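Reading through the C-alpha cells given below for one structure.
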Amino acid sequence: MGLSLPLEDFPTLVLDPARLPRHVAIVMDGNGRWATRRGLSRLEGHRRGKDSARTVIEVARELGIPYLTLFAFSNENWQRPIAEVSFLMALLRRYLMTETKRLCKRGIKLIILGDQAKLPHAVRMVLDEATRLTAANTDMTLALALSYGGRQEIVQAVKSIARAAASGELDPEQINEALIASRLHTGHLPDPDLLIRTSGELRLSNFLLYQLAYTELYFTETLWPDFGEREFLRAVVAYQTRERRFGAVRSSD
Ligand code: IPE
Ligand code: IPE
Ligand code: MG
C-alpha cells in the first residue's frame, strides 16, 4: 500500500514505502540568501535553517529511512567571517544541548563526520556527550558533517592505509574499494542513495566525493530555511521514479 500525499504539482503522489532510500544525504544550502532577500542578517537564515533540519530529521525518522546525513559545516566554511563561524558554532552547541533528549526519544543515533579537532572545545564537549548518549539507539543514524571535506577525508584515509602498509600490518594487495570505504569517516555506513541540494547550486562542494559514485542527485531551487516536509517527500518521490542501473543494462533490454 502506498502512502498518498497531496502535493501541489500532482493531485496525489504515491510514495512506495517498500522502495525508500536507505541513506539520504543533504547539502543544506541557501540560509544566507534566504535572510538577505528579506533584509535580515545571514545569521537569522542560519537560525531558521536549524528548524528545517529538525523537521527533516523528524520526517526521515517517521518514514523509516535508516540513515540521514546532513552537511552542516564544510572544511572550507572556516574561511567565512569569524562572526558567522562563531554564530554557527554557538547555534550548533545550543541545538545539541536541547535536541539530544529528543534524538534519544526517537531512537536516533548521532555520529559526526569531519575533522573534529578543528572544532572549538565547547562544541566538541557537547558532541562527545550527544554521541555517547545516543550511541545505543538503533532506529535511525543521523550523521552530521561538521568541519567536513571530502578530499581531506580521502587524504586521511590514504595516510592511514599507507601507515598500515608501511608497518607491515597490511599487504598492499589487500587494498580494495571496501577497505578504502571503511577508512573514510562514514566507515561502514551504506553509500547515499539520494543526495539533495537546496538553493539551486549545482555542485557537490567537496561533499562525500567517494561515497556519491552512484547516488541519485536531486537539486531544488528552494532555499534551505523554506525546505520542509513537503519538499523532502517530493525529493523521495522523485527518487522513486529513477531507474538505477549502476552501469549495467535493464534485465528487460
Ligand atoms: C548553508 O547556507 C549553511 C552553511 C554553509 C553553513 P549558506 O550560508 O551557504 O547560504 P548561502 O549559500 O550563502 O545563501
Ligand atoms: C556547502 O555549501 C556546505 C554546506 C551546506 C554546509 P557552501 O555554501 O559552503 O558551498 P559553496 O561555497 O556555494 O560551494
Ligand atoms: Mg551556500
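The values are calculated or read from the model by the stated rules, or taken from the named source; none is laboratory data. What you are looking at is a predicted structure, and each value in this text was computed from that prediction instead of being measured. Ideal geometry is used to build each Cβ from the backbone, glycine not excepted, and the neighbour counts take in all protein chains shown. Heads up: the accessible areas ignore ligands, DNA and RNA and are worked out on the full protein's heavy atoms, side chains in. Shrake-Rupley method; radii C 1.70, N 1.55, O 1.52, S 1.80 Å.
So which of GLY228, GLY200, GLY187 ends up being open to solvent by less than 30 Å² (accessible area, probe 1.4 Å), without any contact (Cβ under 8 Å) to a residue 40 or more places away in the chain and either within 16 Å of ligand 3 (Cβ to nearest atom) or within 16 Å of the chain's Cα centre (by Cα) (or both)? Step by step, each of GLY228, GLY200, GLY187 is checked, and only GLY187 is open to solvent by less than 30 Å² (accessible area, probe 1.4 Å), without any contact (Cβ under 8 Å) to a residue 40 or more places away in the chain and either within 16 Å of ligand 3 (Cβ to nearest atom) or within 16 Å of the chain's Cα centre (by Cα) (or both). If the condition is being hydroxyl-bearing (Ser, Thr, Tyr) and either in contact (Cβ under 8 Å) with a residue 12 or more places away in the chain or under 29 Å from ILE26 (Cα atoms) (or both), then region 155-184 contributes SER160, SER182. Within region 98-129, the residues that satisfy the criterion of being over 16 Å from LEU70 (Cα atoms), among the aliphatic types (A, V, I, L, M) and either assigned to a loop (DSSP other than H, G, I, E, B) or open to solvent by less than 50 Å² (accessible area, probe 1.4 Å) (or both) are LEU119, ALA122, VAL123, VAL126.
Residues that are closer than 20 Å to GLU221 by Cα and either touching a Leu at 6+ places or on another chain (Cβ under 6 Å) or within 11 Å of ligand 2 (Cβ to nearest atom) (or both) within region 21-41 comprise VAL24, ALA25, ILE26, VAL27, MET28, ASP29, GLY30, ASN31, GLY32, ARG33, TRP34, listed in sequence order.
Counting only residues that are open to solvent by less than 10 Å² (accessible area, probe 1.4 Å) and in a helix (DSSP H, G or I), region 15-33 holds 1 of them. Out of the residues in region 14-68 meeting the condition of being farther than 22 Å from LEU91 by Cβ, at pLDDT 95 or above and among the β-branched types (Val, Ile, Thr), tell me which one is farthest from ligand 1 (Cβ to nearest atom). Among residues in region 14-68 that are farther than 22 Å from LEU91 by Cβ, at pLDDT 95 or above and among the β-branched types (Val, Ile, Thr), the one farthest from ligand 1 (Cβ to nearest atom) is ILE65. Find the residue count for region 90-117, including only residues that are touching a Phe, Trp or Tyr at 6+ places or on another chain (Cβ under 7 Å) and not small (Gly, Ala, Ser). Looking only at that region, the number is 1.
Outside any helix (DSSP H, G or I) and within 24 Å of ASP193 (Cα to Cα): does that describe ALA60? The answer is no for ALA60. Annotation note: of ARG132, ARG102, ARG93, the sole residue that is out of contact with any helix residue (DSSP H, G or I) (no Cβ under 9 Å at 6 or more places or on another chain), free of Cβ contacts under 8 Å to residues at least 40 places away in the same chain and more than 24 Å from LEU208 (Cβ to Cβ) is ARG132. Scanning region 191-209 for residues that are touching a Gly at 6+ places or on another chain (Cβ under 7 Å) and more than 20 Å from THR241 (Cα to Cα), we see that the one that is farthest from ligand 1 (Cβ to nearest atom) is LEU209.
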